[in-house]
Amino acid sequence: MREAKVVSLAAAVLLEHSDDVTRRNGLLQRLGEVLDLTSPRLSTVLDKAETFQKFYLHICSTLNTTNENLLLHIFDDSSCRQHTLNSGENYQIELGSTAAFKVKFSLTRFNGEKRRAMVRSTSFLKRVMSLDKRQNEGIPLDAIPLGSLLKKAISLKGKTHSVEMKVVREDKRDEVEKIDFDDFHEFTRLLHEWTAEQSQSSQYDGELDEISEKLLIAISSFFGIPFIVSDVAEMSTFLVWDSEKKALQPSAISRVSSKMASRNFMDSDEKHSYMVSEPFRGMKIKEPSLSCLSACLNDAIDEILAEFAGESLFPPHGHDLLKRLNSALRGIVEVCVLPMWDSFPEMDPSLGISRKLEEMLRKSTIGWTREHLRVDDNEFPIHLYTMHQQLSTEFHPFQLFYRQFNANYLKIVFEEFDKPLADVTQAYLKAELTTLDSRDEQILESFAKRTMKLFDVLRSFSTFAVASGVSEDVNDDKLLLHSFENWFLEVTVFWTYSWRQITSKMVERTISLDDDGEATKYDQRRPLPAGLYSFLCIQKGLSDDYNRLSFANAQNLLMGAVALVHIMCENNFAYAKKLFSEAVSVSDEIVTAEEAEHLENTARHVLVASRTRCEELMSHLIQRLFKARHEEIHKICKSLTLDSHEYSRTLSSYMREVTPIERMNAILASADAFVDVIRCEFLPNCFRQATKVLGTYFEEEIRRLLRDAQPPDYYSNVYVTVKFLYDLLGIESSSVNLLSALHQKSFSTLELLLAYYASLCDKVEQTTGDDFPTVDVQLSFVKATSDQVLILINVLKLSPLQWLDPLSDRVDIFVKLELLPKALFPDKHFAIQTTKPVPQSTKPAWRQHFEMLVPTQSFYTHGATFGITVMDHDRLCDRILGRTFVPLHKIPVSCPSLPTPNLVPIRRLPLLSHLGNTNSAYYQLLKERARVDSTARGFISREGKHAQLRMLPAIIHRRITSAP
C-alpha cells in the first residue's frame, strides 16, 4: 500500500479517536502490525498524520488582586512556554498538533499595568517545576474533554483565583487524501489475513477481534464508507481467500451474507455525512464495490465449476451430481440472491453463473450428440430411443436445478440437440434409401421396421417437447423436430410397399385355410366362411398400424390413406375371388340377366359412394394442409388488404413510393409461388379440388382482414387483385360473392349517386296506371355554346287531385325544379327554381317557362337527372306532395322554328308517393359511406328531410279510412 494511503489510514484513526488517547494508541498500534510497519516508519507516519489536526487552549482568568497578573506555564517533558494573562480577558493559545501538555499558574506584579507576554525557554522548565508544590504536577490538557469548559479554582499566595479553560481541536480532515474502494478492500484483506495468522485454530472463522473490528469501523466511519460496502469488501476477501495459508470456514461467507441481506443497499448509513468524501457520495463507492464483488464471485464460480468440468449433465442420470453442485454453489448462491443486485442488474453475478451452467450443459449435449448421433452408426436409432427414455423420466430434477438459476434445462438441450438431430436423421434416411433394395422382401421389411421405429421415437420427442412447453420457449419460430414428418416423405411410400407384401402373404395363407379356428365358436349362431375371421383380423391390424403412425403432414396422410384403401381393396378382391370360386364350384345355377344387371347397379352404387367418401376425405385432408399453412395464406391476404400507404411504409428503405401495379404484381407473385408449391404436392385431380378449398380459404381470410369505411380506390385495388388471384387459381369470378361486394364498394360516391338517380328514373318510366297523380311539362334543350346546353322547361298543370278537399285541406301548390345529384349540380352554380303557388286549388295550372344552363358533359352523363317536386306552401314549412324524375340525356332537342309553347309534345309524369328508393343497394352503400364521406352524408341528410316533408301518403291514408 502506498505511503500516502497509509498516512490517510493513520490520520483517520487519529482524528476519529482524538478524544480517547488510550483507544487511539491501541488502534494505531494494531494498524502498524497489520500493515507491517516498523517503529521508525510508524512514528514517521504518525507525525504526518498529526499535521491534519491542531489544538488550541481557550483560557480566561479572574484574579482577586488588582496589581498582579497571572502567569500560565505550558510544558511537557522537553519544553516549556510562559504566557502572561490579564484578568478578565479571553485568550486563545495554539498548542500544536497534540494536546499532550500540562499547565501551571503563578502570579507576577507589573505595578498595575496590563501586559501581554510570552516566554519560550528550555531552561525555564526547571524554574517552572520548582513552583508551588500544592499545584502537584500541573493540569494535563489532554485529560480535559475536547470542547468542554473546565472551571478551576487555584490558590496562589494565600488567595483563591478562578480560571476557565477549554481545549479545542481544529479538524483538517478535508486535507486527508481519500482512499478508494480498492484501498479499502486491500486493507480489509490484510486485516483478515493478519487475524487469521494470529488465530490458533486450523481454520479461520472470519471473525475479527475487538481491536481489529474497532479499527475497521473507525476507518469506515471517518471516510463515510457505508456498512454494506464494508460487508462487500469482507465478502470479496473471503471469496478469493488463499486457503494454502489457512483454510476458511464456510460459515464465514454465510455470516457476511446474512449481514448483507439485512441491509438496504440503497440506504445511506454514514455516521458523519459532512465528512463523507467525494468518492463515497451517492453511488460512487457502491458501484465499484459491487463491481469488485461481482468479479470475485465470477472467479469463485469459475473455480467451483472447474471441478465439475469432466462430468456430463446430459443425458440426465441420477441425483448425485446435482447434490454436489448444490453443495458447492450454496455459499455463492446466497450472495447472488441478495436484493442489492436489483439496483445494478448489469453486475448481477447470477447472470454469470446461469451463463456458465448453460455453457456446461450445451457442451455436454454437443459432446453426447457428436458421440452417438452419427450416420455411420447402425445403433443410431437405439441410442436415440435410450436417450429419450432417460430424458423423459429423469429430467425433472435437472429442470428444477436449472430453473433456480433462471435457465431452462430442456430448452437448452433441444436448442443444441435439434439441428444435429435433423441433419443426422435426414442423412441416415438418405443413406438407407440409397442402399435399399425394395425388390428384396426381407430387406424391405427390415427397412420398414427400422425407419418406423425411428419415426415413432421422433414423434415421442416432438410430443414431449410440446407437453413440456419447450416449443414456446425456443428462440426460433419452432423446433425443426416438429417438422420431422417432412424428413420421411420419400420413406413412407416404401412402408406401404412393405404392408402390401406382408398382408398379401397373410391373405394368401388365410385363403388357403379350410377352417378358421376362431370362427368355429360362431357356428351355432352365425356360420362364417373359412378364413374370414383371420382375414378381418389382418385388415384391422393393417388399419391399427396405420393409425398408430398418427400422420400430421397432409401429404403423408393423403398418401397413406390412399395406399391403405388400395391395399384393403386388393385384399378384399382376393378374398372375394376365393368366395366366388367356392360358390361357383358348388353351384350349378345360372345367373339371369336381371340378376346380373342388379349386381352391376349395386357395384356401381358402391363405387360412386366410395368415390364420394374418398373425395370428402380428400377435402378434409386438404383443409388440414391449408390450416397448417395458415400463416402463408394470412400474409398474402394481409398484404392484399393493406392500403397503399401502409404497404409503401414497409418498403420505405427504397426511398420511393410503390405504385399500385408494383404492389399487385408483388402480391400475385407471392400467391403464384404458393400455388406452385401446392401444385407440386398434389396430383392434377387433387389439385383442382385443392384450388376450390384454397379459394374458400382466401375469401374467408380477405373478408376478415378487409377494412371498413375506406375510400373507393382501396376497394377498387383490392377488387382487381382478388380477381387476378382467382383467375390464377382457375376459379370462375362469377362464383365468388366477395368480388360482387368489392365491385359495388369500388364505386365513387358520385358514381353511386348517379346510379341511384338512374334507378329512380327507371322506376318513374315503369310506373303506369291512373292511380297516381301526374304533372304536365314540356322539356327540350338547345345547344347554347360549344360546351353548354340550355334546358327549356314549361310547367303546365297538375292533374286534378280528387282526394283533396280545399275546404278542409288548405293547399297552395307549387312546383320546385332542380338538377340532381347535388354533387354534380351544386345549388350555388345551378339554382333551384320554383313556380308561383296556386292557392286553394285541386287542379292547379301554372304555364310558367324556365331555363337552365348545363355543361354538355354533365348533360350527357348517365344518371344526371332533372327533378320535379310538387309541394304545398305553408307558413311554417313547405310539405312535399310527390316527386318525379327525368334523365337529362332523354330530354329531346328543341326545334327553333316552332313557337316556345309548342316546342315538344307534353309529357305527363307520374308523381311518386315514396320519395326515394331506400331499399336499393346504392342507397345502403351511400348510407354506410356517410360515416366518413361528406358528400354521402349530405345526400342522406337531404333524403331524410324529404321524408319528413312527405305529405301525400298521409292524405291518401286519411281519405281511405274516412270513405264510407
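The values are calculated or read from the model by the stated rules, or taken from the named source; none is laboratory data. No experiment lies behind these values; they were computed from the predicted model shown. Here the Cβ positions follow ideal geometry from the backbone for every residue, glycine too, while neighbour counts run over all protein chains shown. Each accessible area value is taken on the protein alone, full model and side chains, heavy atoms only, with ligands, DNA and RNA left out. Shrake-Rupley method; radii C 1.70, N 1.55, O 1.52, S 1.80 Å.
Residue 750 - would you say it is over 23 Å from residue 627 (Cβ atoms) and open to solvent by less than 30 Å² (accessible area, probe 1.4 Å)?
no
Condition first: of a type in the set (Asp, Glu) and farther than 30 Å from residue 490 by Cβ. Now tell me which residues in segment 381-428 satisfy that.
The answer is 394, and nothing else.
Looking at segment 722-745, is at least one residue more than 16 Å from residue 932 (Cβ to Cβ), under 34 Å from the mean Cα position of the chain (by Cα), at pLDDT 80 or above and β-branched (Val, Ile, Thr)?
Among the residues of segment 722-745, at least one is more than 16 Å from residue 932 (Cβ to Cβ), under 34 Å from the mean Cα position of the chain (by Cα), at pLDDT 80 or above and β-branched (Val, Ile, Thr), which makes the answer yes.
Kindly check whether there is at least one residue in segment 202-211 that is in a helix (DSSP H, G or I) and open to solvent by less than 10 Å² (accessible area, probe 1.4 Å).
First pass over segment 202-211, keeping only residues in a helix (DSSP H, G or I): 210-211.
Still in the running and open to solvent by less than 10 Å² (accessible area, probe 1.4 Å): none.
So far as segment 202-211 goes, no, none of its residues is in a helix (DSSP H, G or I) and open to solvent by less than 10 Å² (accessible area, probe 1.4 Å).
Filter segment 14-29 down to the residues that are farther than 15 Å from residue 210 by Cα and under 60 Å from the mean Cα position of the chain (by Cα) and list them by number.
Once the filter is applied, which keeps residues that are farther than 15 Å from residue 210 by Cα and under 60 Å from the mean Cα position of the chain (by Cα), segment 14-29 yields 14, 15, 16, 17.
One residue is enough: does segment 322-329 have a residue meeting the conditions surrounded by fewer than 13 Cβ atoms within 10 Å (Cβ to Cβ) and either touching a residue at least 40 places away in the same chain (Cβ under 8 Å) or not aromatic (Phe, Trp, Tyr) (or both)?
Scanning segment 322-329 turns up at least one residue that is surrounded by fewer than 13 Cβ atoms within 10 Å (Cβ to Cβ) and either touching a residue at least 40 places away in the same chain (Cβ under 8 Å) or not aromatic (Phe, Trp, Tyr) (or both).
For segment 619-642, give me each residue that is under 13 Å from residue 553 (Cα atoms) and open to solvent by less than 40 Å² (accessible area, probe 1.4 Å).
Within segment 619-642, 621, 622, 625, 626 qualify.
For (1) open to solvent by less than 10 Å² (accessible area, probe 1.4 Å); (2) of a type in the set (Gly, Ala, Ser), each residue gets a yes or a no:
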| site | (1), (2) |
| --- | --- |
| 40 | no, no |
| 43 | no, yes |
| 59 | yes, no |
| 66 | no, no |
| 78 | no, yes |
| 98 | no, no |
| 104 | yes, no |
| 108 | no, no |
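Do we find that residue 490 is at pLDDT below 90 and part of a helix (DSSP H, G or I) in this structure?
no
Just a yes or no: is a residue in segment 514-537 part of a helix (DSSP H, G or I), of a type in the set (Lys, Arg), surrounded by 10 or more Cβ atoms within 10 Å (Cβ to Cβ) and modelled with pLDDT of 75 or more?
Pass one, segment 514-537, residues part of a helix (DSSP H, G or I): 517-522, 532-537.
This time we only want the ones that are of a type in the set (Lys, Arg), so: 521.
Now drop any that are not surrounded by 10 or more Cβ atoms within 10 Å (Cβ to Cβ), which leaves 521.
From what's left, modelled with pLDDT of 75 or more: none.
No, because not a single residue in segment 514-537 is part of a helix (DSSP H, G or I), of a type in the set (Lys, Arg), surrounded by 10 or more Cβ atoms within 10 Å (Cβ to Cβ) and modelled with pLDDT of 75 or more.
Please enumerate the residues belonging to segment 753-799 that are among the aromatic types (Phe, Trp, Tyr) and open to solvent by less than 20 Å² (accessible area, probe 1.4 Å). Reasoning before the result, please.
Just the residues of segment 753-799 that are among the aromatic types (Phe, Trp, Tyr), to begin with: 756-757, 772, 781.
Passing the criteria: 756, 757.
Kindly provide the set of residues from segment 735-748 that are in a helix (DSSP H, G or I) and either closer than 13 Å to residue 719 by Cα or touching a residue at least 40 places away in the same chain (Cβ under 8 Å) (or both), ordered by number.
Hits for segment 735-748 are 737, 738, 739, 740, 741, 742, 743, 744, 745.
For segment 192-239: of the residues being of a type in the set (S, T, N, Q) and touching a residue at least 60 places away in the same chain (Cβ under 8 Å), which is farthest from residue 5 (Cα to Cα)?
Going through the qualifying residues, I end up with 236.
Please go through segment 818-855 and pick out each residue that is touching a Ser or Thr at 6+ places or on another chain (Cβ under 8 Å) and either among the aromatic types (Phe, Trp, Tyr) or over 15 Å from residue 779 (Cα atoms) (or both).
Scanning segment 818-855 gives 820, 821, 823, 824, 825, 843, 846.
Exactly one of (1) closer than 20 Å to residue 713 by Cβ; (2) in contact with a Phe, Trp or Tyr (Cβ under 6 Å, 6 or more places away or on another chain) is unmet by residue 756. Its number?
Just one mismatch for residue 756, condition (1).
Only one of 429, 436, 444 is over 20 Å from residue 365 (Cα atoms), open to solvent by less than 10 Å² (accessible area, probe 1.4 Å) and without any contact (Cβ under 8 Å) to a residue 60 or more places away in the chain. Can you tell me which?
Within the list 429, 436, 444, the selection yields 444.
Go through segment 853-870 residue by residue and tally those that are open to solvent by 10 Å² or more (accessible area, probe 1.4 Å) and in a strand (DSSP E or B).
Looking only at segment 853-870, we keep the residues that are open to solvent by 10 Å² or more (accessible area, probe 1.4 Å), and these are 853, 855-858, 860-862.
Filter once more, keeping what is in a strand (DSSP E or B): 853, 855.
Matching residues across segment 853-870 total 2.
Kindly provide the set of residues from segment 129-153 that are in a strand (DSSP E or B) and either at pLDDT below 80 or closer than 21 Å to residue 56 by Cβ (or both), ordered by number.
Our first condition is that a residue be in a strand (DSSP E or B); within segment 129-153, this holds for 139-140, 149-153.
Result: 139, 140, 149, 150, 151, 152.
So, residue 828, is that one without any contact (Cβ under 8 Å) to a residue 60 or more places away in the chain and surrounded by 13 or more Cβ atoms within 10 Å (Cβ to Cβ) or not? Lay out the reasoning, then the answer.
Working: without any contact (Cβ under 8 Å) to a residue 60 or more places away in the chain: yes; surrounded by 13 or more Cβ atoms within 10 Å (Cβ to Cβ): no.
When the stated conditions are applied, residue 828 does not pass them.
Evaluate segment 353-374: report whether one residue or more is assigned to a helix (DSSP H, G or I), out of contact with any Cys (no Cβ under 6 Å at 6 or more places or on another chain) and in contact (Cβ under 8 Å) with a residue 60 or more places away in the chain. Before you say what the answer is, go through the steps one by one.
The initial filter retains those residues of segment 353-374 that are assigned to a helix (DSSP H, G or I), namely 353-372.
With the extra rule that they be out of contact with any Cys (no Cβ under 6 Å at 6 or more places or on another chain), the set shrinks to 353-372.
Next, only the ones that are in contact (Cβ under 8 Å) with a residue 60 or more places away in the chain stay: none.
No - not one qualifying residue is present in segment 353-374.
For segment 885-904, what are the residues that are assigned to a loop (DSSP other than H, G, I, E, B), open to solvent by 20 Å² or more (accessible area, probe 1.4 Å) and modelled with pLDDT of 85 or more?
Across segment 885-904, the qualifying residue is only 892.
Of all residues in segment 706-721, count the ones that are at pLDDT 85 or above and surrounded by fewer than 15 Cβ atoms within 10 Å (Cβ to Cβ).
Going through segment 706-721 one residue at a time, the tally reaches 0.
Residue-wise test of (1) at pLDDT 85 or above; (2) part of a strand (DSSP E or B); (3) of a type in the set (A, V, I, L, M).
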{"residue": "756", "(1), (2), (3)": "yes, no, no"}
{"residue": "770", "(1), (2), (3)": "no, no, no"}
{"residue": "777", "(1), (2), (3)": "yes, yes, yes"}
{"residue": "780", "(1), (2), (3)": "yes, yes, no"}
{"residue": "791", "(1), (2), (3)": "yes, yes, yes"}
{"residue": "795", "(1), (2), (3)": "yes, yes, yes"}
{"residue": "816", "(1), (2), (3)": "yes, yes, no"}
{"residue": "824", "(1), (2), (3)": "yes, no, yes"}
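Among the residues of segment 908-915, are any at negative phi, crowded, with 17+ Cβ neighbours inside 10 Å, modelled with pLDDT under 85 and within 60 Å of the chain's Cα centre (by Cα)? Steps first, answer last, please.
Keep residues of segment 908-915 that are at negative phi, which gives 908-915.
Of the ones still in play, those that are also crowded, with 17+ Cβ neighbours inside 10 Å are 909-913, 915.
Adding the requirement that they be modelled with pLDDT under 85 leaves 912-913, 915.
Checking the rest, the ones that are also within 60 Å of the chain's Cα centre (by Cα) come to 915.
Yes, because at least one residue in segment 908-915 is at negative phi, crowded, with 17+ Cβ neighbours inside 10 Å, modelled with pLDDT under 85 and within 60 Å of the chain's Cα centre (by Cα).
Is at least one residue of segment 377-398 over 30 Å from residue 430 (Cα atoms), without any contact (Cβ under 8 Å) to a residue 40 or more places away in the chain and open to solvent by 20 Å² or more (accessible area, probe 1.4 Å)?
There is at least one residue in segment 377-398 that is over 30 Å from residue 430 (Cα atoms), without any contact (Cβ under 8 Å) to a residue 40 or more places away in the chain and open to solvent by 20 Å² or more (accessible area, probe 1.4 Å).
Find all pairs meeting these conditions: Cβ atoms under 6 angstrom apart; at least six residues apart or on different chains; first residue within segment 242-256 and modelled with pLDDT of 85 or more and of a type in the set (A, V, I, L, M, F, W, C); second residue in a loop (DSSP other than H, G, I, E, B) and open to solvent by less than 60 Å² (accessible area, probe 1.4 Å).
As it stands, the answer is 248/241; 252/206, since those pairs meet every condition given.
So, in segment 235-264, of the ones that are part of a helix (DSSP H, G or I), polar (S, T, N, Q) and open to solvent by 60 Å² or more (accessible area, probe 1.4 Å), which residue ends up nearest to residue 182 (Cα to Cα)?
Looking at the filtered set, the residue picked out is 258.
Given the conditions (1) open to solvent by 10 Å² or more (accessible area, probe 1.4 Å); (2) within 30 Å of residue 263 (Cα to Cα); (3) touching a Ser or Thr at 6+ places or on another chain (Cβ under 8 Å); (4) not aromatic (Phe, Trp, Tyr), and given that residue 345 satisfies all but one, which numbered condition is not satisfied?
Answer for residue 345: the failing condition is (3).
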